[in-house]
Amino acid sequence: MGNTGLEQTMKAASLVFTRPGQVEIHEKKAPRPRSGELLVKSRLSAVSAGTEALVFTGRFPEHLPVDETISSLAGTFKYPLKYGYSCAGRVKAAGSENDTEWIGRRVFAFNPHESHFTARPGELIAIPPDIGDEDAVFLAAMETAVNVVMDAGPLIGEKVVVFGQGIIGLLTAALLAGYPLATLICVDNYRLRRDAALEVGANAALSPTDEDFERRLYGALVPKPGEKAADLIIELSGNPAALNTALRCIGFGGRIVIGSWYGTKPVTLDLGGRFHRDRIRIIGSQVSTIAPELSGRWTRERRLTLAWEMIRHFRPSRFITHRVDICQAPAAYELITDRPQETLQVVLIYPEQSKSGAENLKQM
């Protein structure tokens, strides 16, 4: 057997959503890799503030498959639930001699938040040697942003608005800033995120809570008489109300791309006005699959390669605002739901000897 370095007494910690508003850290003996499996020790995992906030608050459709394309997320949405999908770690042991070359490699996995887990080699993605773990943990978010932009298909000279500057929206804005657009406007409730949007290249960043928000947004889109409104709007805020604002600000034949997952939040759209006569298109974007019109040329592997390239270019670890010991994870979820204005990216860390405190919690 190839269980080199595997300690018999090694403990594993897993984060479990047990009911709305509650997460627990469950500890048990670390799993031993079977033949064809590898044991991974996590170093850090990224919290998806949008999706995981829905799981934390119980706003998900019960019995919907968690993810039909990722084996570690098999099953349906119901408590208790292990969740998460952005983990960077290192292979510690192999279940067979044929896989011992993996031992010591740094890897990314679409795996729930847990300190140790087993996976088959095909379920792991080797982290390139020139990319650090704190950048690599953004792979899932960057792949999602790449997919959103691919689905949106921005054109030269277009006027583009991105609603929501959580980490997916921020990375999407960063990608779009590299296009020769007429203008790129980002919208978010929180100053920290609006400032980050300007940093990555947005031409303007507006707050939807301002009294004159729609006037300012429309003014930025239509600076001269006779000009048309937005060509492309991307909705990544997680707030269904943003869709009606998008419908009012999109131009004739414009596209609204929805990358948000609303869970059980009700969505009420005003489709009785301009929507019908102005041929507005509403497009769903989801990273689990590649759009049919692209799948003849694009594979998941090609898209991941592009995501790594974008991580090299943007070095997104600069957007980590909080690093939280796994033992303090409940406080991290309270932070992203109660004080989202303080966060861009929260990551859970898995030290060799877990601490009783948390790093960079800003007086949580």
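Since every read-out is calculated from the coordinates, none of them should be taken as a lab result. From a predicted model like this one, the values you see are computed outputs, not experimental measurements. Glycine gets a Cβ as well: all are built from the backbone with ideal geometry, and neighbour counts include every protein chain shown.
For residue 338 and residue 120, calculate 0.36 nm times their separation in residues minus their Cα-Cα distance, and state this gained length in nm to one decimal.
Numbers: separation 218, 0.36 × 218 = 78.48 nm, distance 3.74 nm.
Going from the current span to full extension adds 74.7 nm.
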Using only the Cα atoms of the chain, what do you get for the radius of gyration and for Dmax, in Å?
-> 21.3, 74
Which of the listed residues, 171, 10, 317, is farthest toward the dipole's positive end in the chain, when Lys, Arg count +1 and Asp, Glu count -1 at the beta-carbon?
-> 171
The size of the Cβ-based charge dipole (Lys, Arg +1; Asp, Glu -1) of the chain about the Cα centre, to the nearest 20 debye, is 220
How much FRET efficiency would the formula 1/(1 + (r/R0)^6) give for residue 59 and residue 156, where r is the Cβ-Cβ distance and R0 is 51 Å, rounded to 0.05?
-> 0.85
Put +1 on the Cβ of each Lys and Arg and -1 on the Cβ of each Asp and Glu in the chain; which of 141, 351, 233 then has its Cα farthest toward the positive end of the dipole?
-> 233
Plugging the Cβ-Cβ distance of residue 28 and residue 198 into 1/(1 + (r/R0)^6) at R0 = 35 Å yields, to the nearest 0.05, a FRET efficiency of 0.15
Lysine pairs with alpha-carbon atoms under 23 Å apart, the chain, spacing 8 or more or separate chains | 25
Can you pull the one-decimal nm distance between simple spin-label points at residue 79 and residue 224, each 7 Å off the Cα toward Cβ?
-> 5.8
For segment 221-309, state what percent of all Cα-Cα pairs lands in each successive 10 Å bin, counting from 0 Å until the bin that includes the largest distance.
-> 15, 36, 30, 17, 2
Relative compactness, segment 207-360, computed as alpha-carbon Rg over 2.2 N^0.38 Å = 1.36
Based on other C-beta atoms within 10 Å, arrange 19, 323 from fewest to most.
-> 19, 323
Tell me, what is the percent relative contact order of segment 141-284, built from C-alpha pairs under 8 Å that lie six or more residues apart?
-> 21
Could you work out which residue, out of 325, 338, 231, moves most in a Gaussian network model of the chain, that is, has the largest mean-square fluctuation with Cα springs under 10 Å?
-> 338
Unit charges on C-beta of K, R, D, E only; dipole of segment 141-284, Debye = 340
Please give the per residue volume of the convex hull enclosing the alpha carbon atoms of segment 73-218, rounded to a whole number of Å³.
-> 164
Highest GNM mean-square fluctuation among 33, 80, 340, for the chain with Cα springs under 10 Å, belongs to 80
Top of 250, 125, 349 by mean-square fluctuation, Gaussian network on the chain, Cα under 10 Å = 125
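Between Rg and the Kirkwood Rh of segment 141-284, both from Cα atoms, what is the Rg to Rh ratio?
0.93
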Could you state, as a whole-number percent, how many of the C-alpha pairs of segment 160-230 are farther apart than 15 Å?
-> 48
